[in-house]
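See below for the structure under consideration.
The values are calculated or read from the model by the stated rules, or taken from the named source; none is laboratory data. The shown structure was predicted, so the numbers you read here are calculated from the model rather than taken from an experiment. Here the Cβ is made from the backbone with ideal geometry for all residues, glycine too, and neighbour counts use every protein chain on show. For accessibility, only protein heavy atoms count, side chains too; no ligands or nucleic acids. Shrake-Rupley method; radii C 1.70, N 1.55, O 1.52, S 1.80 Å.
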Amino acid sequence: MNNEQIAAILNQYDFLKGTAFSFKTFGSGLIHGTFLIETPESKFILQEFNNSVFWYPERIAHNHWILGEKGNVDDLPFALPLPRLNESGDSLTKFENKLFRLFDFVGGETLQEIQKPKQAYLAAKAYGIFASWAKDIDAHQMQESIPRFHQLDWRFENLEKAAKEANRLSAEEQEVLNFYLLQKPLVEKYLEFQASCPLRITHNDTKINNLIFSEDLETVAAVIDLDTLMGGLLLYDFGDLVRTVACSEVETSQNWDHLNLRPAIFEELLKGYWEGISAMASKQEAQSLLIAGEVMTCIMGLRFLTDHLQGNVYYKVQYPEQNFHRAKNQMIYLKNQQDHAEEIKSLWNKITGIYN
């Protein structure tokens, strides 16, 4: 992008027409091209929307509109940056057959992993507060930005189909496949909660790097990356925190012997998330948190293994076996969570005050 192209985009916003600006590439995002725009009065983030990853930009725009129209973001204790509207009243701006969005800049720090347990608590509480804030907005109005994104039963069926078409599996591949095919009881538990828990507005990608912390890392300044925002279950958001923050290793790690659940971090996550949702959560939703980490870990393991069996058609890989190794990583972590089920239940009893 050059200065003239950026200017042409910014001129589609009434409040920026003819404004002097400077720009530079910003951040390390892997999906959308991102630029920091600085004017004499303000800073903005200009994002080139990647519709090869998100096929339904109009659905995402609709969900953002619902959130801004039905909810008062000023009631949140942190920023929730929604796209600015252009002169046509749209959040998506077209230029040279591409789509762009403009956001107010939020200063602070992003983390790729927590540096101390309190940050797990802060992150989980922020996501919980967001869910509680959105509770009065009808989640059925939201559209699926990624169809069946966290639908465990559908992911399980996809693996079953891929397994039937696979051949010449190694002994190790067969072992990992067998483990996932034995997760039908978890799928059934998930379906029970899907039937008994209300549809909520959920973030659906609750990684630590989808938050902006204050510069001293003592508070959450913003919840960002709202492209996966849609109707979902509370267990999705809490479960993805457990999957990505409470695990001792990242999902690409092959350090098999050191891959496990960190109970102390799980406790901080549950404390924070429960504080955020306790006033609105049903008993069934509270109970769903017990298997939330298992569900989300299983989903990712199923997705990685399915992609491996289908020839690495979805996830980018650096070597042919990487998706298989990711699936093995998630298998080990899932098994470890299941082995810690009693400890998880004990922490849940203590934090929620619910006994069943």
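In the set (1) over 20 Å from Ile129 (Cβ atoms); (2) modelled with pLDDT of 95 or more, Tyr314 fails one condition alone, (2). Of the residues making up region 156-200, those that are in contact with a helix residue (DSSP H, G or I) (Cβ under 7 Å, 6 or more places away or on another chain), under 30 Å from Asn50 (Cβ atoms) and open to solvent by 30 Å² or more (accessible area, probe 1.4 Å) number 3. Quick check on Leu80: is it at pLDDT 95 or above and in contact with a strand residue (DSSP E or B) (Cβ under 6 Å, 6 or more places away or on another chain)? Yes.
From the list Glu175, Glu192, Glu188, the one residue that fits, being assigned to a helix (DSSP H, G or I), closer than 28 Å to Glu321 by Cα and of a type outside the set (A, V, I, L, M), is Glu175. Look at region 203-231 and say how many of its residues are outside any loop (DSSP other than H, G, I, E, B) and in contact with a Lys or Arg (Cβ under 9 Å, 6 or more places away or on another chain). Selection size over region 203-231: 3.
Name the residue, out of Ile351, Ile344, Ile277, that is in contact with a Phe, Trp or Tyr (Cβ under 9 Å, 6 or more places away or on another chain), open to solvent by 30 Å² or more (accessible area, probe 1.4 Å) and modelled with pLDDT of 95 or more. Give the derivation first.
Details: Ile344 fails: open to solvent by 30 Å² or more (accessible area, probe 1.4 Å); Ile277 fails: open to solvent by 30 Å² or more (accessible area, probe 1.4 Å).
When all the criteria are applied, what remains is Ile351.
Return the residue satisfying two criteria in turn: it lies in region 237-267 and is of a type in the set (D, E, K, R) and under 19 Å from Ser288 (Cβ atoms), and of such residues it is most open to solvent (accessible area, probe 1.4 Å). Talk me through it step by step, then tell me what you get.
Our first condition is that a residue be of a type in the set (D, E, K, R); within region 237-267, this holds for 237, 240, 243, 249, 251, 257, 262, 267.
From the residues that got through so far, the ones that are under 19 Å from Ser288 (Cβ atoms) too are 237, 240, 243, 267.
On the way: Asp237: 0, Asp240: 7, Arg243: 14, Glu267: 37 Å².
Of everything passing the filter in region 237-267, Glu267 is most open to solvent (accessible area, probe 1.4 Å).
Screening region 50-105 for residues that are free of Cβ contacts under 8 Å to residues at least 12 places away in the same chain and on the phi > 0 side of the Ramachandran plot and picking the one that is most open to solvent (accessible area, probe 1.4 Å) gives Asn97.
Please go through region 129-155 and pick out each residue that is hydrophobic (A, V, I, L, M, F, W, C), open to solvent by less than 50 Å² (accessible area, probe 1.4 Å) and at pLDDT 95 or above. Once the filter is applied, which keeps residues that are hydrophobic (A, V, I, L, M, F, W, C), open to solvent by less than 50 Å² (accessible area, probe 1.4 Å) and at pLDDT 95 or above, region 129-155 yields Ile129, Phe130, Ala131, Trp133, Ala134, Ile137, Ala139, Met142, Phe149, Leu152.
Candidates are the residues of region 211-236 that are within 19 Å of Ala61 (Cβ to Cβ) and not small (Gly, Ala, Ser); the one that is most open to solvent (accessible area, probe 1.4 Å) is Asp225.
Give the residue that is nearest to the chain's Cα centre (by Cα), with candidates limited to residues of region 103-137 that are hydroxyl-bearing (Ser, Thr, Tyr) and closer than 25 Å to Pro83 by Cα. For region 103-137, the residue satisfying everything is Tyr127.
Within region 158-168, is there a residue that is touching a Leu at 6+ places or on another chain (Cβ under 9 Å), at pLDDT 95 or above and not in a helix (DSSP H, G or I)? No.
Considering only region 280-298, state which residues are open to solvent by less than 10 Å² (accessible area, probe 1.4 Å) and of a type in the set (D, E, K, R). It would help to see each step written out before you state the result.
Step one: of region 280-298, the residues open to solvent by less than 10 Å² (accessible area, probe 1.4 Å) are 285-286, 288-289, 292-293, 295-298.
Glu285, the sole residue that qualifies.
If you go through region 39-94 and pick out every residue that is under 23 Å from Thr25 (Cα atoms) and in a loop (DSSP other than H, G, I, E, B), you end up with 19.
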